[in-house]
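For reference, the structure discussed in these notes is given below.
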């Protein structure tokens, strides 16, 4: 099953159209135990199209929603909202009015499972300002590279969060393959040596001061495992936030990851209007994912490389992955990075070859 998604967002006033449902829309009212539920997401998804397709809107202050301009297909429609349990999925087709019912989450812990990952990641303890500059291995364990608390925060956000959704369930809960190492410090030492990105993770942790960083991450996941919840609760969308419409398509493969995507020349944004969207898979694969949003079709183009002896990502140092075991899932020969579109070309590219 494909897992990478491209997200297209546009503004549309759902309130204005809530009372009229056209042949390509699904609309209705979301109700909870005490009446209409405002600011909840209503999701329509289908596997009937060439690739998985999902469209998401937000209910207004009266619980009304309208999912517009749906391709003809059969849809599963359901509701997710902060403080609620996910609703049952209702089968529907465009042109229908579908009223949906939801229940409250059974507990605060169950409700918190749906919080954005950053609410969980914010539970990571930030060292006091007095701990900086770091005094290294013979001092407080924080690297002497880190001169201030602000620099430490920047590092745990941009050196780690850039690649990992660190507050998501897959990160805040330590997989058993690592947990069995003995204690949380050892588990984190093992998990940051897993997969083909182990060198990048080791570099980031080393820059921070590896022992102090691992102890901090271990403390964080220990507290999560013990039942501690985020100290803040997210608010539901309100105001113009409720006007967003999000369209998602699956593309690429579960073994690749997307560094970026592009649909036009950033200097001339009318180029390639309504055209195909191209992804950048960095070092994970030579296969460039392509999405046609008009036909809902996903495809791939193999990116060339000149030298047949160019090494691939399979040669990267690696450790056992919690998800892929010892399989080297990345096999790219080039690093397809931030794409650029020339207005004179029909497709974008930006890459560098791997060195021998």
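Each value in this text was obtained by applying a stated rule to the coordinates, not by laboratory testing. None of the values given here were measured: they were computed from a predicted structure. Backbone-built Cβ (ideal geometry, glycine too); neighbour counts: all protein chains shown.
How many percent of DSSP beta bridges within the chain run antiparallel, rounded to 5?
95 percent
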Original post:
In the stretch 104-118, which residues have a backbone nitrogen under 19 Å from the label point lying 7 Å from residue 153's Cα in the Cα-to-Cβ direction?
Top reply: 117-118
Subject >> Debye log10 I(q)/I(0) at q = 0.09, 0.12, 0.14, 0.18 Å⁻¹ for the stretch 117-225, Cα point scatterers >> reply: -0.21, -0.38, -0.52, -0.88
**OP:** For the chain, set up a Gaussian network in which alpha carbons nearer than 10 Å are linked by springs, and say which option among 195, 239, 83 fluctuates the most.
**Re:** 239
Subject >> GNM flexibility winner over the chain from 231, 132, 337 (Cα, springs under 10 Å) >> reply: 231
Subject >> Within a Gaussian network of the chain (alpha carbon springs, distance under 10 Å), most fluctuating of 259, 164, 296 >> reply: 164
**OP:** Could you grab the relative contact order for the stretch 202-315? Cα pairs under 8 Å, six or more apart, rounded to a whole percent.
**Re:** 16 percent
**OP:** Can you tell me which of 59-67, 209-217 comes out highest on packing, and rank the rest after it, using the mean Cβ neighbours within 10 Å?
**Re:** 59-67, 209-217
Original post:
For the chain, what's the relative contact order in percent, using C-alpha pairs closer than 8 Å and at least 6 residues apart?
Top reply: 18 percent
Original post:
Which order do peptides 85-97, 45-57 fall in by mean Cβ count within 10 Å, highest first?
Top reply: 45-57, 85-97
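How much mean residue ellipticity at 222 nm does the chain get from its helices, if each DSSP H run of length 4 or more adds -39500 (n - 2.57) and you divide by all residues, to the nearest 500 deg cm²/dmol?
Helices in the chain give a 222 nm mean residue ellipticity of -4500 deg cm²/dmol.
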**OP:** Using only alpha carbon pairs under 8 Å that are at least six residues apart, calculate the relative contact order of the stretch 117-225 and give it in whole percent.
**Re:** 32 percent
Original post:
Per the Kirkwood formula on distinct C-alpha pairs, the Rh of the stretch 216-356 is how many angstrom?
Top reply: 18.4 Å
Subject >> Stretchable slack from residue 244 to residue 202, in nm (0.36 nm times residue separation minus alpha-carbon distance) >> reply: 11.2 nm
Subject >> Percent of alpha-carbon pairs separated by more than 35 Å within the chain >> reply: 37 percent
